[in-house]
Amino acid sequence: MRTAFLPLLAAILPPLLAQDPDPAWQPHRAIKVLYAGKKDGSRERAFAGFLKQHFDTSSTIDLGQLNATTARDFDVVIADWVSQYGNDGYEKGENSLFSAPIDLPVAFTKPVIAMSYVASNLRGGHKLDWL
């Protein structure tokens, strides 16, 4: 009995674990999300897995490639950069890493979730301001 149960469990369990636990999330899976960050970095890998699990359409690009054309097919952009503290696999104190390579024109109108140093770089332009 025990050996007959294991193959059945092995066949049923993976699809069950892959599903979103809350059915209320299903309508939101259609949101198309673009992650723009440090290419091949630890944060990109973590976000890519998370986004793939929770959204039907997601992609990642290097932050320096973010523009109206690369974001055109997405509903929202997560713009991220590395931690200054070296907690995410990058060297601590590398000043060149802290200057997030982002410069979005006024015509860029996609919603952006700005994380880390990206928010500082966008605020200096025209995309963010104090409330």
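All but one of (1) modelled with pLDDT under 85; (2) closer than 30 Å to R29 by Cα hold for T70; state the number of the condition that does not hold.
(1) is the only condition that T70 fails.
List the pairs whose first member sits in segment 28-45 and is in contact (Cβ under 8 Å) with a residue 40 or more places away in the chain, whose second member is basic (K, R) and in a helix (DSSP H, G or I), and whose Cβ atoms are under 6 Å apart, counting only residues at least 6 apart or on separate chains?
As it stands, the answer is G37/R43, since those pairs meet every condition given.
Could you check segment 46-68 and list, in sequence order, the residues that are part of a helix (DSSP H, G or I) and farther than 23 Å from S120 by Cα? It would help to see each step written out before you state the result.
Kept after step one, since they are part of a helix (DSSP H, G or I), are these residues of segment 46-68: 46-54, 63-65, 68.
Passing the criteria: A48, G49, F50, L51, K52, Q53, H54.
On the basis of being at pLDDT 85 or above, surrounded by 13 or more Cβ atoms within 10 Å (Cβ to Cβ), out of contact with any strand residue (DSSP E or B) (no Cβ under 6 Å at 6 or more places or on another chain) and among the aliphatic types (A, V, I, L, M), does I31 make the cut?
Answer is yes for this residue.
Looking at (1) of a type in the set (F, W, Y); (2) closer than 17 Å to D40 by Cβ; (3) modelled with pLDDT under 70, find the lone condition where F98 falls short.
F98 satisfies every listed condition except (2).
The values are calculated or read from the model by the stated rules, or taken from the named source; none is laboratory data. All values reported here derive from a predicted model rather than from experimental measurement. Heads up, the Cβs are rebuilt from the backbone with ideal geometry, glycines too, and the neighbour counts pull from every protein chain shown.
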